[in-house]
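See structure below.
The values are calculated or read from the model by the stated rules, or taken from the named source; none is laboratory data. Because the structure is a prediction, the values reported are computed rather than measured. Cβ atoms come from the backbone with ideal geometry, glycine included; neighbour counts cover every protein chain shown.
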Amino acid sequence: MSATTNWIDSVTMEQLNEDPNAVHDRLRDEAPVAFVPAVGLHVASTREACMAIAQDSENWTTVILPSGERTFGTGTVLAANGDEHVELRKMIDPGLRPASVDGYIDDMVRPYARHLLEQLDEKGRADIQEEYFAPVSVRAVGDLMGLTNVPAETLVRWFKTLALAFGNAAVDDKGDFLNLELFEAADAVREEIQEVVDPLLDNWAENPDHSLLSHWLHDGGAEGELQSREKIYPNIYVFLLGALQEPGHVMTTTLTALLRDPAQLERVIDEPALIPRAANEAARWVAPIWVAAVKVANCDMTVSGVDIPAGTPVLLTYGSANRDSDTWDSPEQFDLDRPTMPHLAFGAGRHACAGVHVGMSIVRIALEELFEAIPNIEADPDEDVTFWGWTFRGPQGLRVTWEV
Ligand code: V55
């Protein structure tokens with residue numbers, strides 16, 4: 001084994017969760033597609049390699065990260081190809097189209113955001129992620145799905161448990177999963193979800209409404225038939241993880257970046273029209289789904305000069321692609337003034353995120369309301385923000401203070 005690959009063999013899951021950039025800065029330089037034993041898969045880390053694979057669905061079949069499949073089971077849109085994928089996107093996409101989202105999103109997000117901020121206002125300090133961003137994120141998407149009767153704390157617990165299992169990618173030298181208890185916790189949460197959602201589906205079967213899940217049930221199946229629960233449930237789990245967690249993570253990441261650079265924070269507070277730009281740059285800076293997409297080569301392929309035999313699964317590390325210095329100057333810096341250059345936080349190709357508009361609208365509204373209510377927000381000087389995660393990456397809480 002050559003000296004350049006030795007260091008990759010000793011990369012650990014802990015290292016990737018704590019600081020993936022340290023590993024990936026070097027991977028992009030030395031080995032744009034490389035086998036990483038800690039996760040038992042090949043990893044594509046440059047923007048060029050990720051784009052080449054994501055946009056070539058002729059030569060690459062989409063699969064799901066093995067720990068993701070262990071968590072969600074089979075049948076998710078994440079792992080679908082060809083006609084099956086087209087059918088699932090026909091079920092998922094309509095309620096998320098921009099023209100549709102723009103009609104309902106304000107009423108879905110602003111009143112609850114204001115309610116939480118009124119409760120916080122007099123306190124002068126908060127973990128703004130746990131007390132505001134995560135609840136706004138799960139309440140908005142939960143209500144949209146039709147889970148209006150599920151408390152925000154429950155929805156937060158569900159996404160946290162599912163995320164730890166989905167990201168439980170570490171394998172031993174035989175390729176077997178480690179940390180099985182994280183999968184068992186997710187199994188229990190999936191049962192709990194079915195206990196809550198089964199009666200809701202029973203009701204929607206008789207009494208359709210405007211919720212996403214009611215539409216999945218009535219419009220997602222064959223003409224005149226209800227969509228099967230077998231097709232619905234795996235995709236409910238996908239939503240209950242990513243769609244609930246990621247808007248909140250983008251909010252916290254945006255505010256973290258701004259609090260670290262008061263000049264940029266002041267610009268955004270003075271000019272709220274800059275909020276979408278700030279949130280978009282935050283999604284590039286620390287992609288909330290740092291890595292999850294996996295593609296298998298249908299035939300022998302060469303990507304960025306690396307030969308990849310047919311049948312090889314390759315993990316696309318979009319969080320790493322977003323820090324590729326071939327595309328961005330000083331990619332480790334959060335910079336409102338970057339030229340708009342599409343990043344990969346929402347993926348690319350046929351599997352690109354269906355929720356980009358609704359998700360970023362929720363982020364925008366939550367930040368608009370926060371800066372309107374608490375324009376004098378400051379970082380808590382006693383606390384340092386810790387980012388964690390390789391599959392899903394975000395701040396582990398964000399303590400802030402303000403003068404009341
Ligand atoms: C992804 C998206 C998800 C999820 C898990 O790869 C992985 C993307 C939108 O939800 O739950």
Original post:
Any residue in segment 107-130 that is assigned to a helix (DSSP H, G or I), closer than 30 Å to Pro66 by Cβ and within 16 Å of the ligand (Cβ to nearest atom)?
Top reply: no
Original post:
Where in segment 205-302 are the helices (runs of 4 or more DSSP H), entirely inside, with at least 3 residues that are within 16 Å of the ligand (Cβ to nearest atom), modelled with pLDDT of 95 or more and not polar (S, T, N, Q)?
Top reply: 212-219, 229-238, 244-259
Original post:
in contact (Cβ under 8 Å) with a residue 40 or more places away in the chain and either more than 16 Å from the ligand (Cβ to nearest atom) or on the phi < 0 side of the Ramachandran plot (or both), is that true of Ser67?
Top reply: yes
**OP:** Being surrounded by fewer than 16 Cβ atoms within 10 Å (Cβ to Cβ) and either closer than 16 Å to Ala287 by Cβ or of a type in the set (Gly, Ala, Ser) (or both) narrows it down to one of Asp19, Asp25, so name that one.
**Re:** Asp19
Original post:
Among the residues of segment 142-173, which ones are surrounded by 22 or more Cβ atoms within 10 Å (Cβ to Cβ), more than 14 Å from the ligand (Cβ to nearest atom) and not small (Gly, Ala, Ser)?
Top reply: Leu147
Subject >> For Val11: the one exception among (1) over 17 Å from Gly319 (Cβ atoms); (2) in a loop (DSSP other than H, G, I, E, B) >> reply: (1)
Original post:
How many residues does segment 24-50 hold that are within 16 Å of the ligand (Cβ to nearest atom), more than 22 Å from Asp173 (Cβ to Cβ) and of a type outside the set (Gly, Ala, Ser)?
Top reply: 1
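Could you tell me how many of the residues in segment 338-393 are within 16 Å of the ligand (Cβ to nearest atom), hydrophobic (A, V, I, L, M, F, W, C) and outside any loop (DSSP other than H, G, I, E, B)? It would help to see each step written out before you state the result.
As a first pass, look at segment 338-393 and keep what is within 16 Å of the ligand (Cβ to nearest atom): 343-363, 389-393.
From what is left, the residues that are hydrophobic (A, V, I, L, M, F, W, C) are 344-346, 348, 352-354, 356, 358, 360, 362-363, 390, 392.
Applying the additional criterion that residues be outside any loop (DSSP other than H, G, I, E, B) yields 356, 358, 360, 362-363, 392.
Selection size over segment 338-393: 6.
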